[in-house]
Structures are given as C-alpha cells and as structure tokens.
Amino acid sequence: MIDTVYFEEEVLQHPTATRVRKALPKANWVPINRFQELFNIRNQNFRIQKKNPALILAKKFENFVLPVPSGFGMNSTKNFYFSHMYNCLYDCDYCFLQGLYSSANYVLFVNYEDFFEHISHTIEKNKNDSQMFFSGYDCDSLAFDKISGFSDQLIQFFEKYQNVEVELRTKSVVTKSLVKRPAIKNCIIAFSLSPNKIAEKLDNKAPSIRRRIKAMKDLADYGWLIGLRFDPLIYTNDWKVQYSELICEIMGQINVSSIHSVSYGLLRFPKKMYKKISNLHNTTGLFAFPLDINNNGVTSYGKEIESEMYHFIQKELQRYLPVKKIFHCTG
C-alpha cells in the first residue's frame, strides 16, 4: 500500500513510529528534517501523487486543537477539531483536501500524547460549557487505523471525560479496534454517506455504501452511537429518489435509538478552492453542472437548488428522526 515512508529523524524512536515500522516492513524509509520540506513544495501534481502517495511521519508543535469552521458543529456550546493526520486514503472527486493541500502524501503526526494534553487543557478551560471534539476533518478517522492505532488511544482518553463528546468521522469499515472493546456513550462514529450510484462514481477507493451501512449496523449492535453525515449533497436528475432510498435503507437497518445525530450540507467550495479542484477533475460530470458564486465567495449549486435540496432532505429525515437530532451544516 505504501512504498516509501519519510520520517523526521527525531520521531524515529517514538512508539507510534515503531508501530508504523512493524506495519510497513517492506517500505523504503527515508530520513528528513521537517515534513514541510516535502509537503509544502509548490507546483506538486496532486493527481499524479495520489496514484502512489508516500507516508510522512512528523511531530506536531502547534495548533493541536482549533475551533470548528462556522456551520460545521453540532448543538454543543463549544465545538473543536483536531487533526492527527493530513490527507485521506480515499480519493473522492469532491474532497476539499485536494484543494487545500499541494501534496497528496499522507502526514501522520506521531505525538498523540501532545494532542491529548492540549485537548485536556481545552476541556478544563471550557468546563462550564458543553463541548464536542471532531476527528476526521483533515483525514479519515479510521481508514489508517490498522497502521496508526490512533482511535484506540483516543477512545481510552475520552473515556475519562464522559461529559464531553467526540466524533470520529469516516467512510471506513475498519472497525476492529472498536468492536473488541466496550462502547463509550460519549463517542460518536459518524459515517459520510451518499446514494449508492453517486458513491460508485465519486467515492473512489472508499468502501461501498452497503459495506458502510453494514459497519454502522454492526457498531450499533455493539452499543456504539452512530452519526449520519450526508455532506456533501450531490445534485443529479433523480437525486430525490436516490436520497430517499438511501435514508430508507439506513433507517430500516439501524435503530433510531443508536443514531446520535444526522447532518447534511450542500456541495460547496471557496472560489479559489473550487477552481483548483475543478481543474484537477475537468473530465468528471461533478463539475460539469453550472455552479454559482454567492456574495461570500462560496461556489455551490445556487439558492434555488440549495433550498429545494435542504427542504427535501429535512422532510425525509423527519419521517424517522426527531428534529433535535438533525443539523444543517453550512461551513
């Protein structure tokens, strides 16, 4: 899967790096000074790199915990995110990461202990507020878990803070680390979902929707709380039928009591990011549809389609779930 591992020399003896070395014994290991010297090089070809990305092991020194972008959180008073990894194993056509980063290589920050320390400080600082933390904003929370072992340590950490919620966002069916341990009620395993026909065209390298639904059902049966994330919503000629069937299929297999929350948001990009991503995918039908730029510089389907999709999805979800579990994401 990974042929080359670049590593900052100071992290080589870290337990996470040792774990990665055992998981990738045949990879070529190359020392570097700092990860930015590879990751931040300009004019890299994201599409070519994505065919065979390298892994970069690094140490993070700042920005461990950040406020979520506007419109991204749930109903907690304070919402934060953290990124132990940059980039994703999957290659979805609409992924904003390809417009955010110049490099398709994966960066894994091995110093998990520093993330947990900063999360602890954040929790203490905001102890009088309801708090939620999000993993999976700059990567997939579980897809790399067999190599990184991150989720197991994360769950052990949050087990000590039962009054604080944490979300692991994913498209992965790598759930072994979750089903081998008792579920904790303040951890939500949130799956990004699209109708099957859309996912088959756009969710490159990701598990099929049916496999994701089975993974959700298995986790729910083990006691884990599940999040449903219909973001981005993709417009097609028969989008109403497709989304209605998808929601019906999910609700037919997962008990409502196991669903923590559902969120949905339209396909949307900042203007510059959209230009970069659409140039990378100039042969896909996703960007052939005419999009509008609003007054805030956000490129999307426009107000008319946006309103129609939002109202339809909200109505469909309310057939199965109380309004308090449904969230409209705009960030």
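Worth pointing out:
- Going through (1) touching a Ser or Thr at 6+ places or on another chain (Cβ under 9 Å); (2) at pLDDT below 85; (3) more than 22 Å from Pro195 (Cα to Cα) one by one, Asn296 falls short only on (1).
- Filtered by the rule that a residue be surrounded by 12 or more Cβ atoms within 10 Å (Cβ to Cβ), part of a loop (DSSP other than H, G, I, E, B) and out of contact with any Asp or Glu (no Cβ under 7 Å at 6 or more places or on another chain), region 12-34 gives Leu12, His14, Leu24.
- Cross-chain or 6+ apart pairs with Cβ under 6 Å, region 204-219 first and closer than 24 Å to Ile184 by Cβ and modelled with pLDDT of 95 or more, then assigned to a strand (DSSP E or B) and among the basic types (Lys, Arg): none
- Criterion violated by Ala143 - all others in (1) at pLDDT below 95; (2) on the phi < 0 side of the Ramachandran plot satisfied: (1)
- All conditions but one from (1) touching a Phe, Trp or Tyr at 6+ places or on another chain (Cβ under 9 Å); (2) surrounded by fewer than 22 Cβ atoms within 10 Å (Cβ to Cβ); (3) not in a helix (DSSP H, G or I) apply to Ser194; the one that does not is (2).
- Taking every residue in region 268-291 that is closer than 22 Å to Phe72 by Cβ and pairing it with any residue that is modelled with pLDDT under 80 and part of a loop (DSSP other than H, G, I, E, B), at least 6 positions away or on another chain, the pairs with Cβ-Cβ distances below 9 Å are Arg268/Thr330; Arg268/Gly331.
- Filter pass, Glu37 being of a type in the set (Asp, Glu), in a loop (DSSP other than H, G, I, E, B) and closer than 27 Å to Phe116 by Cα: no
- Restricting region 249-266 to residues that are aliphatic (A, V, I, L, M) and within 20 Å of the chain's Cα centre (by Cα) leaves a set whose member that is modelled with the lowest pLDDT is Leu266.
- Of all residues making up region 248-267, the number that are in contact (Cβ under 8 Å) with a residue 24 or more places away in the chain and either over 15 Å from Gln318 (Cα atoms) or surrounded by fewer than 17 Cβ atoms within 10 Å (Cβ to Cβ) (or both): 9
The values are calculated or read from the model by the stated rules, or taken from the named source; none is laboratory data. On a predicted model such as this, the values are computed, not experimentally measured, just so you know. Neighbour counts run over all protein chains shown; Cβ positions are idealised from the backbone, glycine included.
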